[in-house]
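Scroll down for the structure; my scribbles are underneath it.
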Amino acid sequence: MLKILTNPDPILRRKSQPVADVSAKEIQELIPQMMEIMLRKDGVGLAAPQVGKNIRLIVIHLKDETLALINPKIIKKSIVKEWGEEGCLSVPGQYGEVKRCKKITVKYLDAKGKPHQVIAEGLFARVVQHENDHLDGILFIDKARNITEIE
Ligand code: NI
């Protein structure tokens, strides 16, 4: 069973490496395990470094759909940004407002290695940006205002 690392674990601060082979056993096993723990913890997203793997892989759960994004790359960002409340499974009990691009275009490979390019807006865009930050060692608390602690 995977364990979620919490701040200040140094693994969360490392820059993650691209996945070289999507079909590798390690990756194919990791994706469903990450989805399972994300759903169990009621998360809307989870990045591989949060489970101790410094690789560029994120999973997202929105509107009853789960999605794996491998080697995601945000290739276009809207000029318009908006503030929104965020939390993170690796920063338990803390919430804050983060300014994110309202609309982005993200390129990625799915779990079968097939390339996709999608336009994400609103919460979907926010989650992709939050999870993509994890791949670069960035936590939402680095960018947040009005951080509150909830026991
Ligand atoms: Ni997070």
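The values are calculated or read from the model by the stated rules, or taken from the named source; none is laboratory data. Given the structure is predicted, the values throughout are model-derived calculations rather than measurements. Glycine also receives a Cβ, built like all others from the backbone with ideal geometry; neighbour counts cover every protein chain displayed. The protein model used for the area step is the full one, side chains on, heavy atoms only, and it has no ligands, DNA or RNA in it. Shrake-Rupley method; radii C 1.70, N 1.55, O 1.52, S 1.80 Å.
Ignoring everything except DSSP H segments at least 4 long, calculate the 222 nm mean residue ellipticity for the chain; use -39,500 (n - 2.57) per segment, divide by total residues, nearest 500.
-6500 deg cm²/dmol
Net charge near L139, counting Lys/Arg +1 and Asp/Glu -1 over other residues with Cβ under 13 Å of its Cβ?
-3
Quick check on the range 1-84: what does the Kirkwood estimate of hydrodynamic radius come out to from the alpha carbon pairs, in Å? All intermediate terms of the calculation are to be shown ahead of the outcome.
Working: mean 1/r = 0.0720 Å⁻¹.
By the Kirkwood definition, the hydrodynamic radius is 13.9 Å.
So if I place +1 on the C-beta of Lys and Arg and -1 on the C-beta of Asp and Glu, and nothing else carries charge, what would the dipole magnitude of the chain be about its Cα centre? I want it in debye, nearest 20. Don't jump to the answer; show the numbers that get you there.
Details: 24 positive and 20 negative charges, 138 e Å.
Result for the chain is approximately 660 debye, rounded to the nearest 20.
Any idea which of I60, M1, P32 is furthest toward the positive side of the dipole for the range 1-77, if Lys and Arg beta-carbons carry +1 and Asp and Glu beta-carbons -1?
Sorting the options by dipole projection puts first I60.
Once the piece of chain linking D110 and A24 is laid out straight, how much longer is it, given 0.36 nm per residue of separation minus the C-alpha distance between them? Can you show the working numbers first?
Working: separation 86, 0.36 × 86 = 30.96 nm, distance 1.33 nm.
Extending this stretch completely gives an extra 29.6 nm.
Probe radius 1.4 Å, ligands and nucleic acids ignored: give me the carbon and sulfur share of the accessible area of the range 10-149 as a rounded percent.
On the way: 3740 of 7420 Å².
The C+S portion of the solvent-accessible surface of the range 10-149 is 50 percent.
What do you reckon, how do L123, L46 stack up by accessible area (1.4 Å probe), largest on top?
Of L123, L46, the descending order of accessible area is L123, L46.
Could you tell me, in Å, what Rg and Dmax come out for the Cα atoms of the range 10-149?
14.1, 42
Quick check: the distance between the Cα centres of the range 68-126 and the range 10-31, to the nearest angstrom?
18
Averaged per residue, what accessible surface does the chain expose to a 1.4 Å probe, in Å²?
Value for the chain: 56 Å² per residue.
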